[in-house]
């Protein structure tokens, strides 16, 4: 597993890329927690930085541009709607990238997230195959299971 943190311009090493889309401002550091749970050959784009100069407009633009580019190139997007904020940017990102039907997405909502019902209903309508979970462990398990299936070659002679 390789982690590329904003605003790095580093190119991914592995072929599979996963973007961690979710709250940062006024939210727990869920990214650090889920990074301990994820396994497999994957490059993770983590938008949460150790140091972010919140009062610098140029830094905000750089962050938004970095996230936009990395979301566009990611093979998979993990959405986590954290407690502590309505996560307005994450809702926007879910609407934009979650409707890219060819893109693999994983969605979780903290049980204390205020708009859980909205996320669930919209996901059910747009992407009924996606199960919305309530814990970071469940979300990590979904990603890890998917990566395992990608890494395991089909048995020879087996019809797919």
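The values are calculated or read from the model by the stated rules, or taken from the named source; none is laboratory data. What you see is a predicted model, and the numbers here were worked out from it, not measured in a lab. Reconstructed Cβ throughout: ideal geometry from the backbone, glycine too, with neighbour counts over all protein chains shown.
Just a few scattered comments:
- Complete set of residues in the range 121-136 that are surrounded by 14 or more Cβ atoms within 10 Å (Cβ to Cβ), part of a helix (DSSP H, G or I) and in contact with a strand residue (DSSP E or B) (Cβ under 9 Å, 6 or more places away or on another chain): 123, 136
- Strands (runs of 3 or more DSSP E) wholly inside the range 1-116 that include at least 1 residues being more than 23 Å from residue 134 (Cβ to Cβ), in contact with a helix residue (DSSP H, G or I) (Cβ under 6 Å, 6 or more places away or on another chain) and modelled with pLDDT of 95 or more: 43-46
- Only one of 85, 9 that is touching a residue at least 24 places away in the same chain (Cβ under 8 Å), farther than 27 Å from residue 149 by Cβ and out of contact with any strand residue (DSSP E or B) (no Cβ under 8 Å at 6 or more places or on another chain): 85
- When residues of the range 32-64 are limited to those that are closer than 19 Å to residue 146 by Cβ and free of Cβ contacts under 8 Å to residues at least 60 places away in the same chain, the one surrounded by the fewest Cβ atoms within 10 Å (Cβ to Cβ): 36
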